[in-house]
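The values are calculated or read from the model by the stated rules, or taken from the named source; none is laboratory data. On a predicted model such as this, the values are computed, not experimentally measured, just so you know. Because the Cβ atoms are built from the backbone with ideal geometry, glycine has one as well, and the counts that use them run over all protein chains shown.
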Amino acid sequence: MTRGDLKTGNAVFIYSSEFEKHLYPPEHPFNTVRAKKVRDIVSSMGLLSGSGGREVAPEPADRMVLKKFHTARYLHALKRSAAGRWSPEALQMGIGSSDCPIFKGMYDYAVLATGGTLISAKMILEGQTDLAFNPSGGYHHAGPELAAGFCYINDVALACIVLAEQGKRVLYLDVDVHHGDGVANAFYDRSDVLTISLHQNPKTLFPGTGFEDEIGEGEGKGYCVNVPLPVGTYDQAYMKAFEAIVLPLMKAYNPDVIVFELGADTLAGDPLANLSLTNNTYAEIINHIMSFGKPILATGGGGYNVENTVRAWALAWSIFCGADPGHDIHHAVGGVLLESTEWQGGLRDRELPVTNQQKKAVEPAIETVVRKIKKTVFPIHGL
């Protein structure tokens, strides 16, 4: 099965049981078990063998590659802290904060997760796959010398760097509910990586950046696109913004490869955010970007309602494999695989009602954002 020139039967799922050895502290919102749960579901559906897709185990990222984005001083502090030799200097870098606590295996986990994203980039560059999904990746907040927002090593920024170094035009698309600040900052003055982040209005959510007037500088002016969304944004309103902004820019930019950060904390019911999406929006977005026929490197990201996140990522993988016929996918699997009898619609969420009050609060705000971006960014791309 193909979408344009994209071979959907050639998808690679990145996973290793090594991930299960390293867990954030139990009181921390970030739950690394999500990837295993996704893997269990898609394996049960037969989507890790045969014509659907295959599983590849990552290797820890090489330190020399990590230094393409992070400083040696930071990596040294991160490794020492994980070994119990934490210092005040490390805290200044965010290591040991409440968001980025020190825990056993912290460094090993971050380096392995990053290795999963980097092996995805390598396989795409070598023509071994057109689609790779690392649900253990997506750490878009980390800076060159900064741990932030549950992120220690910025695997997606590193993947963009590696791909760009090989002469690829890279589109970085981030649908996590939080602004992808670490990646946006990394390429703020460059035009070989176009970063697009759709996220909750930064006036109401960490990290407080990602306003529509942050468009890049120098050669990068117009190549950093931020789409802040109001609290309560629902499926139809989100897709209106996506189709008005992202699709024309993708067509104009014509990337060679798409790096896709698929955070699931935009979903209704996420305890750390305030948007109201269902995973049907993610399915629609994936179908749109696959229609461009470009290789896709997808990662996980945020998502703090574990069951909702797992279902969203399993649905994403089923689409990547070409196994999702639409809204009626696997009606019988909901109760069995997800261990829940609340919803028998399989991987797809039920549609959520939208109130008139919600529409009145959301629609004008989104129209304003779209208008501003079309005025400031579109002309730079000939739109």
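Does Phe150 count as at pLDDT 95 or above, closer than 28 Å to Ser97 by Cβ and among the aromatic types (Phe, Trp, Tyr)? Before the answer, list the steps.
Values: at pLDDT 95 or above: yes; closer than 28 Å to Ser97 by Cβ: yes; among the aromatic types (Phe, Trp, Tyr): yes.
Criteria met by Phe150.
Limited to the range 150-164, what total is found for residues that are without any contact (Cβ under 8 Å) to a residue 60 or more places away in the chain and surrounded by fewer than 24 Cβ atoms within 10 Å (Cβ to Cβ)?
Start the filter on the range 150-164 by keeping residues that are without any contact (Cβ under 8 Å) to a residue 60 or more places away in the chain, which leaves 151, 164.
Filter once more, keeping what is surrounded by fewer than 24 Cβ atoms within 10 Å (Cβ to Cβ): 164.
Qualifying residue count for the region: 1.
Examine the range 232-243 for a residue that is under 25 Å from Lys360 (Cβ atoms), part of a loop (DSSP other than H, G, I, E, B) and in contact with a strand residue (DSSP E or B) (Cβ under 8 Å, 6 or more places away or on another chain), and state whether such a residue exists. Quick ask: steps written out before the conclusion?
Initial filter on the range 232-243 (under 25 Å from Lys360 (Cβ atoms)): 232-243.
Adding the requirement that they be part of a loop (DSSP other than H, G, I, E, B) leaves 232-233.
Keeping just the survivors that are in contact with a strand residue (DSSP E or B) (Cβ under 8 Å, 6 or more places away or on another chain) gives 232-233.
Checked against the condition, which is being under 25 Å from Lys360 (Cβ atoms), part of a loop (DSSP other than H, G, I, E, B) and in contact with a strand residue (DSSP E or B) (Cβ under 8 Å, 6 or more places away or on another chain), the range 232-243 yields at least one hit.
Taking the condition modelled with pLDDT of 95 or more, under 25 Å from Ser43 (Cα atoms) and in a loop (DSSP other than H, G, I, E, B), does Asp270 pass?
Details: modelled with pLDDT of 95 or more: yes; under 25 Å from Ser43 (Cα atoms): no; in a loop (DSSP other than H, G, I, E, B): yes.
So Asp270 fails the test.
When you look at Thr114, is it surrounded by 15 or more Cβ atoms within 10 Å (Cβ to Cβ) and under 18 Å from Ile153 (Cα atoms), yes or no? Reasoning before the result, please.
Details: surrounded by 15 or more Cβ atoms within 10 Å (Cβ to Cβ): yes; under 18 Å from Ile153 (Cα atoms): yes.
In short, yes.
Residues in the range 11-29 that are assigned to a loop (DSSP other than H, G, I, E, B) and under 21 Å from Leu315 (Cβ atoms): how many?
Our first condition is that a residue be assigned to a loop (DSSP other than H, G, I, E, B); within the range 11-29, this holds for 15-16, 22-29.
When the remaining residues are screened for being under 21 Å from Leu315 (Cβ atoms), the result is 15.
The number of residues fulfilling the criteria is 1.
Outside any strand (DSSP E or B), surrounded by fewer than 18 Cβ atoms within 10 Å (Cβ to Cβ) and among the hydrophobic types (A, V, I, L, M, F, W, C): which single residue out of Ala252, Ala184 fits that description?
Numbers: Ala184 fails: surrounded by fewer than 18 Cβ atoms within 10 Å (Cβ to Cβ).
Of Ala252, Ala184, the one residue that is outside any strand (DSSP E or B), surrounded by fewer than 18 Cβ atoms within 10 Å (Cβ to Cβ) and among the hydrophobic types (A, V, I, L, M, F, W, C) is Ala252.
Can we say Ser98 is free of Cβ contacts under 8 Å to residues at least 12 places away in the same chain and either under 20 Å from the mean Cα position of the chain (by Cα) or surrounded by fewer than 22 Cβ atoms within 10 Å (Cβ to Cβ) (or both)?
Values: free of Cβ contacts under 8 Å to residues at least 12 places away in the same chain: yes; either under 20 Å from the mean Cα position of the chain (by Cα) or surrounded by fewer than 22 Cβ atoms within 10 Å (Cβ to Cβ) (or both): yes.
Criteria met by Ser98.
Of all residues in the range 44-89 being outside any loop (DSSP other than H, G, I, E, B) and free of Cβ contacts under 8 Å to residues at least 12 places away in the same chain, which is nearest to the chain's Cα centre (by Cα)? I'd like the intermediate steps shown before the answer.
As a first pass, look at the range 44-89 and keep what is outside any loop (DSSP other than H, G, I, E, B): 44, 53-56, 63-66, 72-82, 88-89.
If we keep only those that are free of Cβ contacts under 8 Å to residues at least 12 places away in the same chain as well, we get 64, 72, 76, 80, 88.
Values: Met64: 24, Ala72: 26, His76: 27, Arg80: 28, Pro88: 31 Å.
Ranking the qualifying residues of the range 44-89, first place goes to Met64.
Checking the conditions here, which among Ser120, Ser98, Ser136 is outside any loop (DSSP other than H, G, I, E, B) and either of a type in the set (Ser, Thr, Tyr) or closer than 20 Å to Ala264 by Cβ (or both)? Before you say what the answer is, go through the steps one by one.
Working: Ser98 fails: outside any loop (DSSP other than H, G, I, E, B); Ser136 fails: outside any loop (DSSP other than H, G, I, E, B).
After ruling out the rest, the residue left standing is Ser120.
Does Asn356 satisfy the criteria of being closer than 19 Å to Val175 by Cβ and at pLDDT 90 or above? Give the derivation first.
Details: closer than 19 Å to Val175 by Cβ: no; at pLDDT 90 or above: yes.
No, not satisfied.
Looking at the range 217-226 only, could you name the residues that are in a loop (DSSP other than H, G, I, E, B) and farther than 17 Å from Val370 by Cα? Don't jump to the end; show me each part of the working.
Taking the range 217-226 first, the residues in a loop (DSSP other than H, G, I, E, B) are 217, 221-223.
Scanning the range 217-226 gives Glu217, Lys221.
Step by step: first the residues of the range 258-267, then only those that are within 28 Å of Arg169 (Cβ to Cβ) and part of a loop (DSSP other than H, G, I, E, B), then the one that is farthest from the chain's Cα centre (by Cα). Which residue is that? Write out each step before concluding.
Our first condition is that a residue be within 28 Å of Arg169 (Cβ to Cβ); within the range 258-267, this holds for 258-264, 266.
After this cut, where a residue has to be part of a loop (DSSP other than H, G, I, E, B) as well, the list is 262-264, 266.
Working: Leu262: 3, Gly263: 4, Ala264: 8, Thr266: 11 Å.
Ranking the candidates gives Thr266 first.
From the list Thr129, Thr209, which residue is outside any strand (DSSP E or B), out of contact with any Cys (no Cβ under 8 Å at 6 or more places or on another chain) and touching a residue at least 40 places away in the same chain (Cβ under 8 Å)?
Details: Thr209 fails: touching a residue at least 40 places away in the same chain (Cβ under 8 Å).
Selected residue: Thr129, the only one of Thr129, Thr209 that is outside any strand (DSSP E or B), out of contact with any Cys (no Cβ under 8 Å at 6 or more places or on another chain) and touching a residue at least 40 places away in the same chain (Cβ under 8 Å).
Anything in the range 139-163 that is of a type in the set (Gly, Ala, Ser) and touching a helix residue (DSSP H, G or I) at 6+ places or on another chain (Cβ under 6 Å)? List them, or say none.
Residues of the range 139-163 that are of a type in the set (Gly, Ala, Ser), as a first pass: 142-143, 147-149, 157, 159.
Result: Ala142, Gly143, Ala157, Ala159.
Take the residues in the range 187-206 that are in a loop (DSSP other than H, G, I, E, B) and out of contact with any helix residue (DSSP H, G or I) (no Cβ under 6 Å at 6 or more places or on another chain), then tell me which one is surrounded by the fewest Cβ atoms within 10 Å (Cβ to Cβ).
Residues of the range 187-206 that are in a loop (DSSP other than H, G, I, E, B), as a first pass: 187-192, 201-206.
Going one step further and asking which of them are out of contact with any helix residue (DSSP H, G or I) (no Cβ under 6 Å at 6 or more places or on another chain), we end up with 187, 201-206.
Numbers: Phe187: 22, Asn201: 18, Pro202: 18, Lys203: 10, Thr204: 12, Leu205: 20, Phe206: 18.
Selected residue: Lys203.
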